Amino acid sequence: MSAARGEGGERGEGGERAASRTDQVSRGPWTTPGTPGTLPRLDSLTALRWWAALAVFAHHMTNFAPLPISGPLRLGAQGVAFFFVLSGFVLTWSARPGTPVSTFYWRRFARIWPAHMVALLLAVAVFVGPPADVEESWVRPLSLVLLLSVVLLHGWSSNNEVVFSGNPASWTLSLEAFFYATHPWLDRVLGRTGRRAALAVLFAIPLTAAVLYLARSEIDALAHLPRPVLRLWEFCLGMALAHAVRLGWRPRLPVPVALGLLLAVCAGVFLGPLRAADAWEALRLGPLTPVAIPAVCGVVILAYAVRELRGRADGSGRGAPAGWLVRLGEWSFAFYLLHATLIYACRTWFGLQPMGWANLLIYAAVLVPSIVAAWALHAFVERPIERRMRRWKDRRDKARLEQQER
């Protein structure tokens with residue numbers, strides 16, 4: 001969930017502030033691509049991160065202040081799939097040739113771990129305590145299991161008591177840590193593919209995932225794949241999308257069509273033959289649901305990225321989001337880490353609220369302080385510590401390079 005900025009540094013994917021050098025206007029599906037490291041920051045994708053985080057927030061709020069539309073809102077849990085696909089896209093889009101693998105890993109560590117640790121310490125006050133009663137089933141006793149959360153290994157467990165220990169939102173970081181570990185090697189493989197091969201890989205990934213999910217009920221080994229391995233394909237889908245766009249692929253895919261497709265898939269999950277009151281139940285009933293939703297999230301990411309790139313190329317500025325949306329997108333990682341803690345703290349204090357439209361006021365009352373807390377975590381922990389850690393590693397890399405040149 002942490003695809004906030006890429007390897008280009010504070011200003012993001014490619015590190016460009018002005019991004020005056022962009023792709024040519026396309027007369028077809030391909031344009032002359034820029035080289036990795038000169039590609040522009042895609043603010044539209046940063047803004048999209050906020051809407052995905054807000055969807056996850058709405059999903060978790062149904063456990064405190066349910067609305068009459070709580071069933072569809074629970075599909076907001078699929079915002080996590082969006083983050084996995086986006087993470088693969090951003091890291092591949094912003095990858096710079098020649099960056100040492102150790103530097104890549106250190107930057108990823110600096111990006112997520114400091115904010116994760118602060119959020120984990122805050123979550124302990126809400127989610128860890130004496131043996132829970134029925135009313136507070138989310139509270140778990142203090143145990144060494146928390147150490148798995150510290151080192152981001154809890155997502156590998158098949159036991160939900162372990163996966164959701166500590167800060168329950170952080171299970172996704174455990175998966176992201178595995179994705180980061182694979183990225184330098186997968187990117188090298190992708191980098192050897194040309195345009196046609198890149199598109200073949202892009203379309204093969206979701207098809208392979210569909211076969212995998214369909215076969216899980218028949219093959220025992222597949223049924224017990226750990227979450228990081230099972231969902232790696234979503235990250236790879238984002239990588240393949242970014243690689244194709246980096247090579248100059250610019251399909252004419254209107255944003256409204258992509259959003260309409262996303263809404264249609266979500267409506268099909270909830271209202272069609274896969275209908276269920278709970279999003280997770282829908283995933284169990286429909287084996288292709290966890291393939292369809294990430295795939296269509298990739299379509300949305302592609303549509304927004306291409307629209308912004310075309311707007312930069314023709315000078316129209318089309319696709320550039322409002323500044324406030326970009327800022328919210330930059331805070332979305334911190335928001336994601338903190339929002340469940342605040343929601344369940346409110347449920348501890350005030351109890352489960354009866355269903356009703358009046359709960360919209362409660363949504364607002366929880367959302368505003370969650371945004372403020374996210375800004376504080378981003379401004380005083382996430383961003384400054386990441387900068388210091390990156391500078392420290394950059395100095396070491398520079399010194400080592402100078403020593404080798406002597």
Quick one: is L241 modelled with pLDDT of 85 or more and either surrounded by fewer than 17 Cβ atoms within 10 Å (Cβ to Cβ) or assigned to a helix (DSSP H, G or I) (or both)? yes
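Per-residue answers, yes or no, for (1) among the acidic types (D, E); (2) in a helix (DSSP H, G or I); (3) over 20 Å from L241 (Cβ atoms):
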{"residue": "A65", "(1), (2), (3)": "no, no, yes"}
{"residue": "P68", "(1), (2), (3)": "no, no, yes"}
{"residue": "R74", "(1), (2), (3)": "no, yes, yes"}
{"residue": "Q78", "(1), (2), (3)": "no, yes, no"}
{"residue": "S87", "(1), (2), (3)": "no, yes, no"}
{"residue": "L91", "(1), (2), (3)": "no, yes, no"}
{"residue": "T103", "(1), (2), (3)": "no, yes, yes"}
{"residue": "P114", "(1), (2), (3)": "no, yes, yes"}
{"residue": "A119", "(1), (2), (3)": "no, yes, yes"}
Could you give me the residue pairs with C-beta distances under 7 Å whose first residue belongs to segment 113-132 and is open to solvent by less than 10 Å² (accessible area, probe 1.4 Å), whose second residue is part of a helix (DSSP H, G or I) and charged (D, E, K, R) wherever it lies, and which are 6+ apart or on separate chains? A115/E382
If you scan segment 310-360, which residues turn out to be out of contact with any Phe, Trp or Tyr (no Cβ under 6 Å at 6 or more places or on another chain), of a type in the set (D, E, K, R) and either open to solvent by less than 40 Å² (accessible area, probe 1.4 Å) or not in a loop (DSSP other than H, G, I, E, B) (or both)? R310, R312, D314, R327, E330
Exception for P206 within (1) open to solvent by 40 Å² or more (accessible area, probe 1.4 Å); (2) touching a residue at least 40 places away in the same chain (Cβ under 8 Å) falls at (1)
What residue, among those in segment 184-203 that are more than 23 Å from the chain's Cα centre (by Cα), without any contact (Cβ under 8 Å) to a residue 12 or more places away in the chain and assigned to a helix (DSSP H, G or I), is surrounded by the fewest Cβ atoms within 10 Å (Cβ to Cβ)? R196
Could you list all residues from segment 213-238 that are under 22 Å from the mean Cα position of the chain (by Cα), part of a helix (DSSP H, G or I) and farther than 22 Å from T32 by Cα? Y213, R227, P228, V229, L230, L232, W233, E234, F235, C236, L237
Considering each of V366, V296, V291, V326 in turn, give the residue that is among the β-branched types (V, I, T) and touching a Ser or Thr at 6+ places or on another chain (Cβ under 8 Å). V326
Residues of segment 148-157 satisfying the condition of being touching a residue at least 12 places away in the same chain (Cβ under 8 Å) and among the hydrophobic types (A, V, I, L, M, F, W, C): L148, V150, L152, L153, W156
So which of V90, V56, V85, V80 is buried (at least 21 other Cβ atoms within 10 Å of the Cβ), at pLDDT 80 or above and touching a Cys at 6+ places or on another chain (Cβ under 8 Å)? V85
Can you tell me how many residues within segment 363-387 are free of Cβ contacts under 8 Å to residues at least 24 places away in the same chain and open to solvent by 100 Å² or more (accessible area, probe 1.4 Å)? 1
Residue count, segment 158-170 (criterion: in a loop (DSSP other than H, G, I, E, B) and either in contact with a strand residue (DSSP E or B) (Cβ under 7 Å, 6 or more places away or on another chain) or in contact (Cβ under 8 Å) with a residue 40 or more places away in the chain (or both)): 4
Hey, A340 hits all of (1) modelled with pLDDT of 95 or more; (2) over 14 Å from F57 (Cα atoms) but one; which does it fall short on? (2)
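The values are calculated or read from the model by the stated rules, or taken from the named source; none is laboratory data. Note that the structure is a prediction, hence the values are computed from the model and not measured. Positions of Cβ are backbone-derived with ideal geometry, glycine not excepted, and every protein chain shown enters the neighbour counts. What goes into the accessible areas is simple: the full protein's heavy atoms, side chains included, and nothing from ligands, DNA or RNA. Shrake-Rupley method; radii C 1.70, N 1.55, O 1.52, S 1.80 Å.
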